[in-house]
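Read through the structure below, which is laid out as structure tokens, and then see the notes.
Each reported figure results from applying straightforward, stated rules to the coordinates on display, with no laboratory input. Note that the structure is predicted; figures quoted are calculated from it, not measured. Virtual Cβ from ideal backbone geometry, glycine too; neighbours counted across all protein chains shown.
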Amino acid sequence: MASISPYGKRFISYLRREQIRRLIASKARIDGREVDQVRPVEVKTGVVKTADGSAEVKLGKTHVVAGVKIGLGQPFPDAPDEGVLVVNAEVLPHASPYTEVGPPDEFAIELARVVDRGLRHCGYVDFKKLSVEGGKAYVLWVDLYVINDDGNLVDAANLAAVAALKNAALPAVVKDETGAVKLDRNSRTPMPLDLEKAPIAVSVGKIANVLFLDPIFEEELSLDGRITYTFAQERIVAIQKTLGSFTQQELEAALDLAWRGRESYLASLKEVLQ
């Protein structure tokens, strides 16, 4: 996937593309934003009553729903004393004119991987507290569903996953009459999370030599480059380049720009989750 543009099968008219590129060259954008401005963020939690935790995020017109399901399973062999995280993503057929019916494509798989990478390496979830006696562990299934794709799915999906996990509660572990370990979903405790360590993914687009935050769908179809930084507190916990190339100077400028975007996203997230 790293060598294939996720937008390779998507098209935009030559005239529209050139209009976008001319605007960006003058630091203007087709939706009126500044290059360092993200779209309005709306976060809601508890939107799926049958899930163990859920959230929806609207980033402008981009709309993503995340659901968390909690089960018991075997820990990974290289982390026998930790819980398990599994992230899946699906772009629903009606979310975009370019989405086809069928199993998740490489773009959806890459979306899940980028979100997973940030969650796994930031310390937001205390995985050691998800270990269970008898060689078992809690398994956290985070499912991401794209309802509408108007660009920048990574940032929106990451926020949805963070909010859904904060909304989740762990079912108690009990033993049945045979001594087997199972979950009691009528008794729950808060998820062992540290909101201060929440991963915040911020994507930076590049057209010619201009960098900008939160590209909308049409801007994505005109990109020369794209890079996503995931921050947790003062650290970078993941970097993913999904398109094009960047000079060292551009990477440093993109990092500064992404940090400003991180502050906007984090403020919207904390407003709801705290």
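Structure notes:
- Helix-derived mean residue ellipticity, 222 nm - over the chain, DSSP H n ≥ 4, -39500 (n - 2.57), to 500: -8500 deg cm²/dmol
- FRET E, pair GLU177, GLU106, Förster distance 51 Å, beta-carbon r, rounded to 0.05: 0.60
- Antiparallel content of DSSP bridges confined to the chain, in %, to 5: 85 percent
- Lys pairs under 27 Å by Cα in segment 33-132, provided they are eight or more residues apart or on distinct chains: 12
- A Förster radius of 41 Å combined with the Cβ-Cβ distance from ASP31 to ALA169 puts the calculated FRET efficiency at roughly 0.60.
- Working from label points 7 Å from Cα in the Cα-to-Cβ sense, the LYS197 to ILE239 distance is 2.3 nm.
- Evaluated with a Cβ-only charge set (Lys, Arg +1; Asp, Glu -1), segment 14-273 carries a dipole of roughly 320 debye about its Cα centre, given to the nearest 20.
- Each Lys or Arg adds one and each Asp or Glu subtracts one; over the other residues with Cβ under 11 Å from the Cβ of ALA79, this totals -1.
- Once the Cα atoms are used to define both axes, helix 153-167 deviates from the longest principal axis of the chain by about 30 degrees.
- GluC sites (Glu not before Pro), loop per DSSP, at most 15 other Cβ atoms within 10 Å - longest free stretch of the chain: 35-99
- A Förster distance of 22 Å, applied to the separation of the beta-carbon atoms of ASP81 and ASN186, puts the FRET efficiency at 0.20.
- Computed 3J(HN,Hα) for segment 50-59, one whole-Hz value per residue from the Karplus formula 6.51 cos²θ - 1.76 cosθ + 1.60 where θ = phi - 60°, is 8, 8, 7, x, 7, 7, 10, 10, 10, 10, glycine and proline marked x.
- P(r) tail fraction, the chain - alpha-carbon pairs more than 26 Å apart, %: 43 percent
- Dipole magnitude (debye, nearest 20) for segment 127-192, charges at Cβ of Lys, Arg, Asp, Glu: 420 debye
- Counting neighbouring Cβ atoms within 10 Å and putting the fewest first, the residues THR62, THR99, THR242 line up as THR99, THR242, THR62.
- When trypsin sites (Lys or Arg not before Pro) are flagged only if DSSP places them in a loop and at most 15 other Cβ atoms lie within 10 Å, the longest unflagged stretch of the chain comes out as 62-274.
- Comparing ASN209, ASN152, ASN88 in a Gaussian network model of the chain, where Cα atoms under 10 Å apart are tied by springs, the biggest mean-square fluctuation is seen for ASN209.
- Spin-label model distance (nm) - GLN74 vs ARG120, 7 Å beyond Cα toward Cβ: 1.8 nm
- Distant-in-sequence amide H partners of GLY46 (H built 1.01 Å from N, under 5 Å): SER54, ALA55
- Scaling against 2.2 N^0.38 Å puts the C-alpha radius of gyration of segment 12-112 at 1.51.
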